[in-house]
């Protein structure tokens, strides 16, 4: 069994690499993929990395890399297919929409996981998280025929894998 002293440098290195990767990706997006901006970008990345370490020191993480890959793939696929579905509805001469506000019981534990769930659902086309109250998510959908509860369950499952969490009964 490794002692905390031996795993601390590894954890710090993982945290630095992950943060640097995220910050560099954000810079690349802001620079619209231009490599000419990397001179300023490198200094900005280092500064942002230092600020992130001061404001949010590394702590033991339960983040699963396999869960992260699964979450990213799922999110991209859902975003694309949802976008196509919403575009088809918008292009119809008379869109057959039945908007609704739904209250869906949640299985994720309270806290950051539920906030990530609500934020993720906001980014999927046709859905909008309107609030978290108690153990429920209030969600607006463009069409009440949309299988909202199964969509929430699918995202909950991916988030639970991502954060190595166990879920409660709904």
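Values in this text are rule-based calculations from the coordinates and carry no lab data. This one's a predicted model, so the numbers in the text were calculated from it and none came from an experiment. Reconstructed Cβ throughout: ideal geometry from the backbone, glycine too, with neighbour counts over all protein chains shown.
This ranking places 157, 120 by how few other beta-carbon atoms lie within 10 Å of each, fewest first, which gives 157, 120. The chain gives an Rg/Rh value of 1.05, both radii derived from C-alpha positions and Rh following Kirkwood. As a proxy for reagent exposure, 103, 96, 143 were ordered by neighbouring Cβ count within 10 angstrom, fewest first; the result is 96, 103, 143.
Using the Cα coordinates of the range 4-55, the gyration tensor eigenvalues translate into equivalent-ellipsoid semi-axes of 26, 10, 8 Å, sorted from longest to shortest. Calculated from the alpha-carbon coordinates, the range 65-163 shows an Rg and a Dmax of 13.8, 44 Å respectively.
For the chain, the longest principal axis of the C-alpha atoms and the axis of helix 148-163 are separated by about 10°. Let's test the formula: R0 of 25 Å, r as the Cβ-Cβ distance of residue 110 and residue 72. What FRET efficiency results, to the nearest 0.05? So the FRET efficiency works out to roughly 0.55.
For each of 50, 159, count neighbouring Cβ atoms within 10 Å of the residue's Cβ, then give the residues from fewest to most.
Working: 50 10, 159 20.
Exposure proxy ranking, most exposed first: 50, 159.
Taken as Cα centroids, the range 32-51 and the range 109-170 sit 34 Å apart, rounded to the nearest whole angstrom.
On full extension of the chain, what length is gained from residue 145 through residue 17, given 0.36 nm per residue of separation minus the C-alpha to C-alpha distance?
Details: separation 128, 0.36 × 128 = 46.08 nm, distance 4.30 nm.
Contour length minus Cα-Cα distance gives 41.8 nm.
Taking the chain as the reference, fit the longest principal axis to its C-alpha atoms, fit the long axis of helix 112-123 to the helix C-alpha atoms, and give the angle between the two in degrees, 0 to 90, nearest 10. Tilt of helix 112-123: around 60 degrees. Dimensions of the range 122-164 based on its C-alpha atoms, expressed as ranges along the principal axes with the largest first, amount to 32, 21, 16 Å.
The slack in the chain from residue 166 to residue 89, taken as 0.36 nm per residue of separation less the alpha-carbon distance, amounts to 24.1 nm.
Note the full-extension length gain between residue 32 and residue 123 as 0.36 nm times their separation in residues minus their Cα-Cα distance, in nm to one decimal. Show your work: numbers first, answer last.
Values: separation 91, 0.36 × 91 = 32.76 nm, distance 2.06 nm.
Value of the extension gain: 30.7 nm.
A Gaussian network model of the chain, with springs between Cα atoms under 10 Å, assigns the largest mean-square fluctuation among 44, 64, 81 to 44. Shown is the FRET efficiency for residue 97 and residue 130, computed with R0 = 22 Å from the Cβ-Cβ distance and rounded to the nearest 0.05: 0.80. Computed from Cα atoms, the angle from the helix 65-91 axis to the main principal axis of the chain rounds to 30 degrees.
Mean separation of Cα pairs under 8 Å and 6 or more residues apart, divided by the residue count, gives the chain a relative contact order of 24 percent. The fraction of all Cα pairs in the range 98-139 landing in successive 10 Å bins from 0 to the largest distance is 30, 59, 11, 0, given as whole percents.
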